[in-house]
1. In debye, nearest 20: dipole of the stretch B:94-187 around its Cα centre with unit charges on the Cβ of K, R (+) and D, E (-)?
2. List the residues of the stretch B:40-87 for which accessible area in the full set of protein chains is at least 30 Å² lower than for the chain on its own; 1.4 Å probe, protein heavy atoms only.
3. At 1.4 Å probe size, with every protein chain present, just tell me what the per residue accessible area of the stretch A:399-507 comes to in Å².
4. From largest accessible area down, sort A:S330, A:S383; use a 1.4 Å probe on the protein chains.
5. Would you pull out the residues with amide H under 5 Å of A:L411's amide H, same chain only if 5 or more places away, H placed 1.01 Å from N?
6. Lys and Arg at +1, Asp and Glu at -1: add these up for the other residues within a Cβ distance under 14 Å of A:A120 and post the number.
7. Can you find, among A:N228, B:A132, A:N181, the residue farthest towards the positive end of the dipole of the protein assembly as shown? Put +1 on the C-beta of Lys and Arg, -1 on that of Asp and Glu.
8. Determine which aspartates and glutamates satisfy two conditions relative to B:K43: a Cα distance under 12 Å, and not lying fewer than 8 residues away in the same chain.
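The values are calculated or read from the model by the stated rules, or taken from the named source; none is laboratory data. What you are looking at is a predicted structure, and each value in this text was computed from that prediction instead of being measured. For neighbour counting, all protein chains shown are included, and Cβ atoms are generated from backbone atoms with ideal geometry for every residue, glycine included. Surface accessibility is based on the protein's heavy atoms, side chains included, excluding ligands, DNA and RNA. Shrake-Rupley method; radii C 1.70, N 1.55, O 1.52, S 1.80 Å.
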Amino acid sequence: MSQVFDIDFGNHRKGRVVGIDLGTTNSLVAFLDLTGPKIIPGADGGLLVPSIVSYAEDGGVTAGNAARRLLINQPDRTVYSVKRLMGKGASDVKDELKFFPFRIAEGSESVIRLQLGAKAMTPPEISAQVLAELKRNAEAYLGEPVTQAVITVPAYFNDAQRQATKDAGRIAGLEVLRLVNEPTAASLAYGLDKRRNGIVAVYDLGGGTFDISILRLHDGIFEVLATNGDTHLGGDDIDNRLMHIAFEDIAAEWGEDISHSGEAVQTLRQAVIAAKERLSYVPLTRIEFDFRGKTYRREITQELFEGLIKDIVDRTLGPCRQCIADSRVSIEEIDEVVMVGGSTRIPLVRKAVEALFKAKPHTELNPDEVVALGAAVQAGILSGEVGDALLLDVTPLSLGIETMGGMVSKLIHRNSTIPASATEAFTTAVDGQRNVLIHVVQGERELVKDCRSLARFELKDIAPVPAGAARIEVRFLIDANGILNVSARDARTGKEQSVEVKPSYGLSEEQVEAMILESVEKAEDDFHERQVREARVEADAILAATEKARANEAWVDLSGEERARITAAVNQLLMVYHSEDHLLIRAKIGELNEATTALAETMMSTAVRVALKGTKV
Amino acid sequence: MFCVHCGTLQPPSADYYQFFGLKRGLALDAPELQRRFYELSRKLHPDRFTRKAAREQQYSLDATAILNDGYRALRDPLARAEYLLKQEGFDVGEQRGKDVPPELLEEVFELNMAIEELRHGGEDARGQLEEAYGRFLAMRDAIDKELDTLYRRFDDTRDRAVLQQVRSVLNRRRYVRNLVNEVEKELAPEGQPAQ
């Protein structure tokens, strides 16, 4: 890829901008170096950081891999898939909550607050913890502070969801230079690597959201022609189908309903995800779930699986057709379809896309990484390192205002290239009226009640004049992040008119400021505390694994000396477990790890034998 | 748009023709418009100003909004004519597309009957509707040709009387477009957008 970058070395001193893919299931951070975009690994060497955050009883927070381990032990304090709740109110997510083991706190109409122990946290605050983890990884890897980022969002995210993402960045101590739509970011990575000109469709089916975008690539310009999607459709829905089957089976076999036990639900979820992932490569697999001494085994064929998820896959096709129609290109004109998001590994998804677009979808890029790579390229564009590429994106939803009788008057149509603006004149209805209220909505329907309320803008302190004499020009501007800005001026005096914004969903500016302040104050204590905490989580994991191994037949095969060595290492780790010295805890973890090597190897080969037996059809 | 002395971006002009450096007219060279759009985007887009002063960033945002709004208005022949008519002081608007042009009265009456019938399960009406759909499409194409001729005539003569004609043809065009959309909605299978 290196030859396509027109790199200006003079810009490097100004600080690096990283690109972040803040996903429903996993998140990644990437940066641009002289050879192209690269994903930054975490401390454990892994590239994917699970979008999971855990709030401990004592107030400490862990995010990423460490939090994933807590998902099973502390399911009621450990949050996953929080992206689904961004920019939402409690009434939006009623159906969703069946699958979340959390309690919604009081006062969640405009912002959801999850009750996690004594704390009530909003989705932007929880997401900020994932972002902070990525920021730390990037700082450790690059050896310099990272304060600016490009963050990707689903193309079909509305204003509130975008604002919530931006708030999350600020709370995490990141200046969000740009929100980029995920499929557009993917096209940037793809286009620079593979193709410079032509029409490209990007089909992005992730953990929780679906996007389709059609772009024209023209000598470094990436012009989005149209986009469509569903912010409530993804791999999670597929998991839930499998969960549903398992719940029913288990209720019948064990005679108990496990769907209310957070621990059981999380363990089972991991089992069905593993089975789902295997089914992309083998025609038959088994869901394997062990819980408190009971076992559940269920064979699933690819055929059965496909029947189970067909309607979910079909739900992506309507938005695809609409997107093609809106882009004003014919299917034949589309040169390539690029597949993005982990769920596009599913053969049925690939088949459906191929049938619709009459073209073989491109799957050679790693669907988990391409969005973050594109975000890093966009970061390079913003910092001036990439001179020849430019993204021209669109707004996914029409913007309108409420008029008489609850009707919507559209001001900016969907698929308009952003930044986009519209100016509308308002007047007063009664003599001496001082205020005018403007209700702004997003959506395609004709009635206000069928659209999404975005905000109410109040024009204040209008000069008192007879009814109809005032003339206030209001400018609605959607910026390059897809976020609405409103300004107003009195057309008669030319003076700026004050506007008060009341967002329908999301945090107020004051609330965000308070959260930033809190996060800065806590950052210092947090650092040490976090290291201790992470060491303990790791200790928990290895202790639990050792405990489990004692029940394995491999344990019996060990010599008495080896067993004694393991027991001693376990005791030593337990002795330092509650110390505040994370290095000491880690040292003891290392010793236990070493002591159990032989045991692990024996178990591994046994497991392989068992696994091989299991897959025989 | 850029200061000749210091090269910083200045407040943009709001006239679309001026902005694109194009001659004011109704007929327009589409590839040339696209070329200018890309060229100006490269210069003006906020992505190019992330590390500039706040004021320049604001100008960039404003300029790019006008660029995009202008591109949307000028690239579509109908929106372009509306824009120019408005600038020339003519009253144009969506509302006018709702009055039935007299020459279409009978056609619209029959169409509404057929739609009613189809909605009540009268599948015979489908053929009638499809036939009407074909007629409307032909009508639309004929109007587009008529507009094209009028556009050229105006550009050659600059005669306001031609704009008057353009305005009334535009109203007819808008009305026919609404008819086409309506019939498409009736004919399209459930939940699928009409192509």
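1. Details: 17 positive and 22 negative charges, 146 e Å.
Computed about the Cα centre, the dipole is about 700 debye.
2. Buried-area filter returns B:R42, B:H45, B:D47, B:R48, B:T50, B:R51, B:L61, B:D62, B:A65, B:N68, B:D69, B:R72.
3. 47
4. Of A:S330, A:S383, the descending order of accessible area is A:S330, A:S383.
5. A:L399, A:G400, A:I401
6. Numbers: positive: A:R77, A:R103, A:R113, A:K119; negative: A:D76, A:E106, A:E109, A:E125, A:E518.
Around A:A120, the surrounding residues sum to -1.
7. Among A:N228, B:A132, A:N181, the one farthest towards the positive end of the dipole of the protein assembly as shown is A:N181.
8. A:D388
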